[in-house]
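S.K.: Mind having a look at this structure? Questions to follow.
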Amino acid sequence: MFLGKIRKTVDSFGMLDPGDVIVAGVSGGSDSMALLFALWDLREFYPDTDVVVSHVNHGLRGAESDEDAEFVREAARQLDFSFECVRVDTETFRKKRGLSLEDAARELRYSFFNDTLAKHSAHRIATAHTLNDQAETVIMRLIRGSGSQGLAGIRPSVGNIIRPLINVTKLEAREYLQSKGVSWREDSTNSSDEFLRNRIRNELVPLLESYNPAVEQVLSRVAAVCAAEADFISAEGEKRFGKIARVVEGGVLGDAEKLLRDPPAIRFSVMRKSILAVKGDLNSVSAKHLFSIDEVVRSGDSSAEVDLPGGVVFHAGHGVFFFTREENFHGFPPTEIKSHGTHRVSPDLEVTVELTDDVSLWGEADVGYFPPQKVGFPITLRSFSEGDRFVPLGMRGAKKLKDFFIDEKIPRFLRKKVPIFETRDGIIWVGGLRTDNRFRADKTKGPWLRIRICGSSQKLLDLAVRSPEAP
């Protein structure tokens, strides 16, 4: 029985409570119309629930799209439900955001559903995904190389989004509507081979059914098993993430050596959580990306990096890993410091230069003391360049800065973020790491020229070099 299956799903996942206001996404197709009328019937079991019908006119089928909107408006009127509708320019939005048409339409729909939720102080958003949609999604994600998280498919309930029809078929939905004498709209684009989902629905699923007529039910069960496993792994990964990684300004920094001690499933979970923390979502992140990251971590290649969707980049080296946005790892523009005071060199670096007798900060990594008679203005601050040489404190001869970084185990991805201070006489300080021996200060002979660096770049360097693991 159609309604009985839906009630079981609703109760199993705690989708509805008496008095809830539900935003129902209704396109006018058979699935969403079945959802709409099922919510009407379910009010018998969940007293005082109310429904707001939300329809997005994507404007992709001309007059046909407008007719869909009017059809849904009339259905809402017949049931005495509130109705909200918006017309959007999906094609322009798609081009502007660089999305596929399907992804653009989905993003616009959920945006409007959330707007409707806020406007009506509603509790949940109900969408009309069915068991068939679940099977198609599992196949799509398998083709695209998803891991268990992706093969979990469409979750019955996520946050305030519920999918009461997830365990019923499209055929059952249509039979339910027919039994009530309710019509629905047919979307002419459903037969188009332009979309992967349509090709799976119209070509691949029938082929698979020739091997197993119940293949969609099987795939739905696979999704449920993968969801249970993925949830367990995610919970364990969350614990591990808290022990070996930390969110820092600009990204996520972690201990690569500890990560390698974990089994692959936990490693992948930590990676996903790191990407999520930087990117804000996991859209377009597939198992292929996770395997690429894992290969870099296991290889220990400090020169390798992995480009990820959404402008996220993964770096590893010298026992640490780092997820960040690509724009966060450009070097500093060469800057001349011509006077005492505080100077903003870049959005993430500030430098204070002063003449002082105070030695309270002597020995701090982010503070350098210099004899003013040897270090004068202008002082140039810049990023590392190939060929740089200096005389590290305590040594007599010059050393290539690149070799110094290697000896100090500075990951390659951080080297451009190390501030280099120099005068016309050469490098005076590799900021946060080592003073040039030629410009060392005598603690007993002040005053001194004190340079202090402050900002996320320096904090990141401190974390990576001195304490890469989470507390």
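The values are calculated or read from the model by the stated rules, or taken from the named source; none is laboratory data. Worth saying up front: this structure is predicted, and the values here are computed from it rather than measured. FYI the Cβ positions are ideal-geometry reconstructions off the backbone, even for glycines, and counts take in every protein chain you see.
S.K.: Name the residues in segment 307-338 that are of a type in the set (A, V, I, L, M) and at pLDDT below 90, would you?
M.R.: Ala316, Val320
S.K.: Which ones in segment 292-350 are in contact with a Pro (Cβ under 7 Å, 6 or more places away or on another chain) and part of a loop (DSSP other than H, G, I, E, B)?
M.R.: Ser302, His318, Gly319, Phe332, Lys338
S.K.: Which ones in segment 365-376 are surrounded by fewer than 13 Cβ atoms within 10 Å (Cβ to Cβ) and in contact with a Lys or Arg (Cβ under 9 Å, 6 or more places away or on another chain)?
M.R.: Residue satisfying the conditions is Gly376 alone.
S.K.: Just name the residue that is surrounded by the most Cβ atoms within 10 Å (Cβ to Cβ) out of those in segment 171-216 that are of a type in the set (Asp, Glu) and outside any helix (DSSP H, G or I).
M.R.: Within segment 171-216, the match that is surrounded by the most Cβ atoms within 10 Å (Cβ to Cβ) is Asp187.
S.K.: Here's something else I'd like to know. Can you tell which of Gly250, Gly317 is crowded, with 22+ Cβ neighbours inside 10 Å, in contact with a helix residue (DSSP H, G or I) (Cβ under 8 Å, 6 or more places away or on another chain) and among the small types (Gly, Ala, Ser)?
M.R.: Going through Gly250, Gly317 in turn, just one is crowded, with 22+ Cβ neighbours inside 10 Å, in contact with a helix residue (DSSP H, G or I) (Cβ under 8 Å, 6 or more places away or on another chain) and among the small types (Gly, Ala, Ser): Gly317.
S.K.: Then there's this: Which one is modelled with the lowest pLDDT among residues in segment 339-363 that are among the charged types (D, E, K, R) and surrounded by fewer than 12 Cβ atoms within 10 Å (Cβ to Cβ)?
M.R.: Arg344
S.K.: Kindly provide the set of residues from segment 376-426 that are touching a Phe, Trp or Tyr at 6+ places or on another chain (Cβ under 7 Å) and either part of a loop (DSSP other than H, G, I, E, B) or outside the structural domain of His340 (by TED's automatic domain parsing) (or both), ordered by number.
M.R.: Ser383, Ala398, Val418, Pro419
S.K.: Does Asp66 count as under 27 Å from Glu107 (Cβ atoms) and modelled with pLDDT under 95?
M.R.: The answer is yes for Asp66.
S.K.: May I pose another question? Please find, among Asp262, Asp281, Asp294, the residue that is surrounded by fewer than 16 Cβ atoms within 10 Å (Cβ to Cβ) and not hydrophobic (A, V, I, L, M, F, W, C).
M.R.: Asp281
S.K.: Given the criteria among the small types (Gly, Ala, Ser) and touching a strand residue (DSSP E or B) at 6+ places or on another chain (Cβ under 9 Å), does Ser148 qualify?
M.R.: So Ser148 fails the test.
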